[in-house]
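All of the numbers you see were taken from the coordinates with simple rules; none came from a lab. Since this is a predicted model, take the numbers as computed values, not measurements. Cβ atoms come from the backbone with ideal geometry, glycine included; neighbour counts cover every protein chain shown.
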Amino acid sequence: MNKGILFVVSGPSGAGKSTVTKLVREELEIPLSISATTRKPRIGEVDGKDYYFLSIDEFEKKIAEEGFLEYANVHGNYYGTLKSEVESKLENGLDVILEIDVQGGEQIKEKFPQAILIFFKAPNDQELEKRLRDRNTDSEDVIKVRLENSLKELEYEKFYDLVIINDEIINAVNNLKNIINKKGRL
Ligand code: 5GP
């Protein structure tokens, strides 16, 4: 059986990658890999659905057990992709989309050179800031950290195979669907 393909979606917070990825995953029935994080749950987030919410000790124990395909410190918290969420799906021929930060993307490219890395961008900096504020999910301090980090994240664009500029959600959804349906061969 052919193995599944690993797609990685990254880009600054507020670029809209979560919304677009969720719509595409649901439409194409691509399974989600649930990440682990030490970030506190936001209102409405559910453990085991949105993330596995771990303590720092629990996360570090998993690192020591080599339970992660990749992990990184993002905006002051640990985030990581669990091997158990991904490996069996790929073995069974299922494609998987990882929605992870740029440091994680780099680690995945090293371990899985055949992975297809897609970078999401907002059309411009003003729009990125507006989207972060309109989400109403984060405090001013958190928004500030995320905006500062977005500049660093944009430097990683060159390591990615494809770029999607998220001007209109419908366009971005169609672009991502195309990439996945054509297995990155655009
Ligand atoms: P949020 O706190 O908004 O849910 O996510 C913050 C950032 O962490 C986003 O850029 C998201 O893509 C990234 N992230 C989520 N899960 C993982 C993961 O498993 N590994 C890495 N490296 N980054 C992740």
Once the in-chain neighbours fewer than 8 apart are removed, the aspartates and glutamates whose Cα is under 12 Å from Lys62 read Glu70
Could you check the spin-label model distance between Glu29 and Asn2? Points 7 Å from the Cα along Cα→Cβ, value in nm.
1.7 nm
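With n ≥ 4 as the cut-off for DSSP H runs, can you work out [θ] at 222 nm for the chain, using -39500 (n - 2.57) per run divided by the number of residues, rounded to the nearest 500? Present the calculation step by step, with values, prior to reporting the outcome.
Values: 7 runs with 79 residues, N = 186.
Only helices count here, giving -13000 deg cm²/dmol.
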Would you mind getting me the FRET efficiency between Ile169 and Ala64? Use the beta-carbon distance for r and R0 = 30 Å, nearest 0.05.
0.15
Computed on alpha carbon atoms, what radius of gyration and Dmax characterise the chain, expressed in Å?
15.8, 49
In nm, spacing of pseudo-spin labels at Lys40 and Lys158 (7 Å Cα→C-beta vector)
3.9 nm
Anchor Lys121: lysines whose Cα lies under 19 Å away (excluding residues fewer than 8 positions away in-chain)
Lys17, Lys22, Lys130, Lys144, Lys152, Lys158, Lys177
